[in-house]
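Shown next, in structure tokens, is the structure this report addresses.
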Amino acid sequence: MKTLKFLIAAVVCLVMAGGLLFAGTTGKIVGTVTDSETKEPVPGAVVELLGTSIGANTDLDGRYFIVNVPVGTYSLKARMMGFETVTITNVKSIMDLTTTINFKLKPTVLLSEGITVTARRQMVIPDATSTSRVVSTKEIMAMPNASANNVIGNTAGVVTSGGQMNVRGGRSDEMAFFVDGVSVTDALSGAMGSQINTAAIEEVMVITGGFNAEYGEAMSGVVNVVTKEGGDKFNIYGRFTTDMYMMDNSRNNNKVELSLGGPVPYAKNLGYFLSGEVSNTDDFRPVFMPDKFYEHDPSKDYFWADTLQYSMAEWNPADSVGLIGWAGDWADSSAAAWEAEKARRISLGYIRGWSEYDKNYLPHNDYNSYRLQGKLTYKLPAWQAKITLGGFANRDQRGNYSAAWKYWLDSYYSYLTKSYQGNASWRHQIGKSTFYNLTINKFSTSTQTGVRDTAVEKDRNWWEDYTFLTDEDADNDGMYDAYEGQSYSTNIDNPYGVAGPFYTFGLARLWEKTKAEYVAGKLDVTSQVNQFNQVVGGLEVKRHHVFTKNNSLPWDPVPFKDEFDFKPITGAAYLQDKLEFQGFIVNAGLRLDFMMPESQKKVNNFNLTDTASYIASETKYKVSPRLGISHPVSDKTVLHISYGHFFQQPQLQYLYESLGANIARGNSVMGNPDLGAQRTIAYEIGFNQQFSNDLAGDVTVYYKDIFDLLGTRLLQDTTTGLSYTNFMNAEYGNVRGFEMAVNKRASANGIFSGKLSYSLMLAKGTASDPWEGYNRYIYGGGTDPATGLPVPFPKTDAFLEYDQRHTFSVSTNFDFGEKYGPAIAGFRPMANLSVSLLNNIGSGMPYTIINSKGVQIGGVNEGRMPWTFNTDLLVSRSFSLAGVRMSLDFEVLNLLNRKNVNNIYPVTGDVLQDGTVITLSDFSATATPDSVSYTVDGAGDPVMVPNPYYSKWRDIDGNGEIDQYEKYVTYVAAWNDYITDPYNFSRTPNPRGYSEPRRTRLALSFSF
């Protein structure tokens, strides 16, 4: 039955659309060929894309078009008998867009080799009806901190906060991520399921508004990464990045990249590209280190317990009980009894010693990754076809850190993520104007969260996967064996001897494994019907497999745990028509999305005795219209308008989470397989103007209404008294904004280029994320002081957590040519030098103010954090050595070492003070002695054992007891250590206090 439903869905989509281009990887080149003297069209001219089998002939009006042009940079040649041949170099094909190249041929009666002209790409794209940013591999490598993520984060309209990116006021999971036209979005979480090594990237396109019907499952933005493929010549690129030159200040940050590609020897028309990257560091999340930080020093450990069996006994050679020869105390006990007592004493009396930590990074902050990517292409010129096989495999793993666990980090979380993708495509051009692409692919991403097995980890090599404590339950008592008896708690085993702030016993509570994968088939068809009309359409069907197993109380026989395994089906079909007239371009499209949850839900979750009544979840369908209009007033002035409905199914974790939860356990949060799609209606108008050959600017205004956003609500049953929290389409958002950018590219012989962008945004809604209702009103809301009832859900919207009102980005680049500057003994120190500066300025993020009792003051998110300023620098010097092109790069991140505020304590609005007041009177005046009487010996004398509340580190004067003043002073020191820590979960909305400090890196690269 499931198979039948799957086939029916596929057929329905096929009938409705006839093809699908989900995330394009090709562009189109159009233009005219005219007589340079008479200005008349030249019909029948041949236009060739050199290095390929692609070309076209001009029509009677001298027009030509070339479709199915892979993203990249080419040379374009036009020739006609009786005219001089012209070749234009540096012609760029941009994914999903049209590049216009016009030729002017000079009549001649003589044969000549022709002339070559270098193309200057238009800074205003006349057919763009959406807001997008396209960045080439060359531009990426010229950026400080070069990566696809950095391209996204520095795009106008993108706000970065808490390690997540929000596009134009949308939630962080409202983006779709593609690599070579194939989705790499984690269907469980909505995050980017995999990263691509920078050296493998050909181009990155970031669309922040008005995207066409070809893009689905996204309400805010689309990221499409096109990777490189082998060319007609062998090439190799390598790069080594390190900070080891910093010696004692090094963070052990090292990265090795290697890429190579070209034609396969002895195999005509077969090309390959391979790329790999290995990265390793001890400091995944750099921080401004506190003034003092401690680490365990085994040489200072001490035992405050007497562990000798004959202690307080008397020597008596005639004694024959217990420890022969000793009489009294524990000497007369059995060996087994003494072993138990000795273990008890050690557990009470073992105190770790401490020394000041001398490194400039946090412990348990290690990170390691590898990324492998490959592509094989086979061209069939006679068929005008190409076969592509590609894929990648990635592994990322890292430790984690928290203020509460800073002195017991081996028992805190680590993370492991692995992903891979494989795809095969057949691209076939039918005539000069139509081509189709058939793709099958599989993508998988899996994660594990838990505590590492230290016994195994000590022998692990850096390239091997982490080994975690397992979920084995050999005795079937409901508790994981490795976690049994390990409920975490605080005690005095820390540098201050203070119980309370720090966990120093047990294990962090969450054990989790997840997997999200899918197998998909898709067909897309593109046809240039005539000079003015391009039609694109297609379909895609995915069979997902999502799995989760987690336990957040693995030492409890009645834990909070969940396990699900589902195989939902999703698919889409769309039809897009692009009309290109002189001065008027229309992109009109219609899209259908469907989802089959392939699961059941209970008829009544409050009926705990009914375990048989289930109903199937319903298949969901959504139709979304898209319309974009571009009005090129001239070749330098363009106005565009767009309108569209954008639907996105909630992430799959919210459909299937804890469907079988025992709500009698209390505090249960359950998924909802019948969640509907979230919906955004967006409007946009923009104006682009090229002021000169090298200077352009644009202005965009947008408005978004967001409906049926995912949220949480409490469901209660008055009959049974039971309740649980359910995910629902219950929230709303509204965003409006203004964006402006000025772009200056380097002139023909110039050295300066740069870009200035500014964004103004106002983002409001009823919840910043799906869990806000639960965290703020259900679980953490408490009661309304005015009514004594639970705090009610808001009836009006408020500023969202990522409502960053003002953002500025300023990039400046100075590129000096090979003959620039004075020569000193034949050497030009300024030649081939490049200097890039990237400046980011942002207004403060919002937060909700509370008082010292935890009661909210004012409205949600009415407080504002300070503005942030950051400058990154990249200096590069290229040179040749034995015919090999090389480059030495020096990078400085946060050049000014500015402490930008990321998160604060909501009571004070400060990073380092939480508002807690500690006084001497908070502590007992009764001194805490170092030992207490446990029992008496045979003579009635007390047997002293260590006091579990005494620590040598808290006894400042060393007199064997902790008085009131010592209690006060040491607790204040411990609390300041805890509160001023770089990562404290009491801050809002995220634990990190300040942004990253200054870091430097040196890189050496080569290519030939």
Filter the stretch 80-96 down to the residues that are in contact (Cβ under 8 Å) with a residue 24 or more places away in the chain, aliphatic (A, V, I, L, M) and either more than 16 Å from T129 (Cβ to Cβ) or open to solvent by 20 Å² or more (accessible area, probe 1.4 Å) (or both) and list them by number. M80, V86, I88, V91
Can you work out which of the residues in the stretch 453-463 that are open to solvent by less than 70 Å² (accessible area, probe 1.4 Å) and of a type in the set (D, E) is nearest to S411 (Cα to Cα)? D453
Residues that are over 23 Å from F890 (Cβ atoms) and of a type outside the set (V, I, T), drawn from the stretch 137-159: A156, G157
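Regarding the stretch 432-447, can at least one residue be identified that is open to solvent by 20 Å² or more (accessible area, probe 1.4 Å), in a loop (DSSP other than H, G, I, E, B) and out of contact with any strand residue (DSSP E or B) (no Cβ under 8 Å at 6 or more places or on another chain)?
no
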Expected output for the stretch 435-464 (first residue in the same structural domain as D282 (by the TED database) and within 30 Å of G537 (Cβ to Cβ), partner open to solvent by 70 Å² or more (accessible area, probe 1.4 Å) and not in a helix (DSSP H, G or I), Cβ below 7 Å, 6+ apart or cross-chain) is K442/V519; S444/Y420
In the stretch 878-903, how many are more than 25 Å from Y758 (Cβ to Cβ) and open to solvent by less than 50 Å² (accessible area, probe 1.4 Å)? 6
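One line per residue, one yes/no per condition, for (1) open to solvent by less than 40 Å² (accessible area, probe 1.4 Å); (2) in contact (Cβ under 8 Å) with a residue 12 or more places away in the chain; (3) farther than 30 Å from Y407 by Cβ; (4) aromatic (F, W, Y):
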residue	(1), (2), (3), (4)
A336	no, no, yes, no
A340	no, no, no, no
R352	yes, yes, no, no
Y361	yes, yes, no, yes
D366	yes, yes, no, no
Which one is least open to solvent (accessible area, probe 1.4 Å) among residues in the stretch 585-617 that are within 19 Å of Q653 (Cβ to Cβ), in a loop (DSSP other than H, G, I, E, B) and not hydroxyl-bearing (S, T, Y)? P597
Taking the stated definitions as given, is Y724 in a strand (DSSP E or B), in contact (Cβ under 8 Å) with a residue 60 or more places away in the chain and open to solvent by less than 50 Å² (accessible area, probe 1.4 Å)? yes
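So which of A213, A191 is crowded, with 24+ Cβ neighbours inside 10 Å and within 23 Å of D708 (Cα to Cα)?
Step by step, each of A213, A191 is checked, and only A213 is crowded, with 24+ Cβ neighbours inside 10 Å and within 23 Å of D708 (Cα to Cα).
Does L389 satisfy the criteria of being touching a Lys or Arg at 6+ places or on another chain (Cβ under 8 Å) and open to solvent by 30 Å² or more (accessible area, probe 1.4 Å)?
Yes, satisfied.
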Considering only residues of the stretch 60-79 that are assigned to a loop (DSSP other than H, G, I, E, B) and under 21 Å from I585 (Cα atoms), which is least open to solvent (accessible area, probe 1.4 Å)? G62
Kindly state which strands (runs of 3 or more DSSP E) lie completely within the stretch 466-570 and contain at least 3 residues that are touching a residue at least 12 places away in the same chain (Cβ under 8 Å), open to solvent by less than 30 Å² (accessible area, probe 1.4 Å) and touching an Asp or Glu at 6+ places or on another chain (Cβ under 7 Å). 511-530, 533-551
Scan N947, N984, N990 and give me the residue that is in contact with a strand residue (DSSP E or B) (Cβ under 6 Å, 6 or more places away or on another chain) and either polar (S, T, N, Q) or open to solvent by less than 60 Å² (accessible area, probe 1.4 Å) (or both). N947
Select from the stretch 226-252 the residues that are among the aliphatic types (A, V, I, L, M), at pLDDT 90 or above and surrounded by 16 or more Cβ atoms within 10 Å (Cβ to Cβ) and list them in ascending order. M246
Unmet criterion (only one of (1) over 22 Å from E731 (Cα atoms); (2) within 29 Å of the chain's Cα centre (by Cα); (3) hydroxyl-bearing (S, T, Y)) for S634: (2)
From the residues in the stretch 365-409 that are touching a strand residue (DSSP E or B) at 6+ places or on another chain (Cβ under 8 Å) and among the basic types (K, R), which one is nearest to N280 (Cα to Cα)? R398
Of the conditions (1) among the basic types (K, R); (2) surrounded by fewer than 19 Cβ atoms within 10 Å (Cβ to Cβ); (3) within 20 Å of the chain's Cα centre (by Cα), R371 clears all except one; give me its number. (2)
Would you confirm whether or not the stretch 760-775 contains a residue that is surrounded by 18 or more Cβ atoms within 10 Å (Cβ to Cβ), closer than 16 Å to T155 by Cα and modelled with pLDDT of 95 or more? yes
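The values are calculated or read from the model by the stated rules, or taken from the named source; none is laboratory data. Small disclaimer: the values here were computed from a predicted structure and weren't measured. A quick note on method: Cβ atoms are made from the backbone with ideal geometry, for glycine too, and the neighbour counts reach across all protein chains shown. Please note that ligands, DNA and RNA were not included when accessible areas were found on the heavy atoms of the full protein model with its side chains. Shrake-Rupley method; radii C 1.70, N 1.55, O 1.52, S 1.80 Å.
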